[in-house]
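Peer 1: Please read through the structure below; I'll follow up with questions.
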Amino acid sequence: MYTFRIDGRNSSPEVFIDKQNKIIEISGVSTLKNANWFYSNVMKWAVGFCLKGEGLTVINIRLSRMNTSSSKWILLIVKKISEIMPADAIKINWYYKPEDADIQINGERLKLNSLIPITLIAA
């Protein structure tokens, strides 16, 4: 199996992991009440995906809303991936709407707390 997908819901994001094309995407809304359960499973898949293969892995994060626990889990996932892959093998793109200061600030915090370069993209 080369792909893993979780469809987005009202409070959970869409997650798409494509092993063949080396892409991990998290998009939509992430205001989960039980972010631990959701993101622990995402972390297992993402880490398993990153342990295999060579070349550049692109992680795209396109959240329109998120709560604190989701933000913490995304940071944990990025930190875990940075422990198992060299920084030059990972590219992280954090997308935000120019008028959405909260999502932009979350991206800036992630960038400050990560060993992996993160590109903030107003889109």
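The values are calculated or read from the model by the stated rules, or taken from the named source; none is laboratory data. Just so we're clear, the structure is a prediction, and the values are computed from it rather than from any experiment. Note that we place each Cβ from the backbone using ideal geometry, even for glycine, and neighbour counts take in every protein chain shown.
Peer 1: Among residues belonging to region 28-45 that are of a type in the set (A, V, I, L, M, F, W, C) and modelled with pLDDT of 90 or more, point out the one that is farthest from Thr57 (Cα to Cα).
Peer 2: Leu32
Peer 1: Name every residue in region 74-97 that is at pLDDT 95 or above and over 13 Å from Ile59 (Cα atoms), in order of residue number.
Peer 2: Tyr96, Lys97 - these are the residues of region 74-97 that are at pLDDT 95 or above and over 13 Å from Ile59 (Cα atoms).
Peer 1: Something else: Being surrounded by 17 or more Cβ atoms within 10 Å (Cβ to Cβ) and hydrophobic (A, V, I, L, M, F, W, C) is true for just one of Ile105, Ile59, Ile84. Which residue is that?
Peer 2: Checking each option against the conditions leaves just Ile59.
Conditions (1) hydrophobic (A, V, I, L, M, F, W, C); (2) over 14 Å from Ile90 (Cα atoms); (3) at pLDDT below 95; (4) surrounded by 11 or more Cβ atoms within 10 Å (Cβ to Cβ), marked per residue:
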| site | (1), (2), (3), (4) |
| --- | --- |
| Gly8 | no, yes, no, yes |
| Ser12 | no, yes, no, yes |
| Ile26 | yes, yes, no, yes |
| Cys50 | yes, no, yes, yes |
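Peer 1: Can you name every residue in region 111-123 that is of a type in the set (Lys, Arg) and touching a residue at least 24 places away in the same chain (Cβ under 8 Å)?
Peer 2: Answer for region 111-123, where residues must be of a type in the set (Lys, Arg) and touching a residue at least 24 places away in the same chain (Cβ under 8 Å): there is none.
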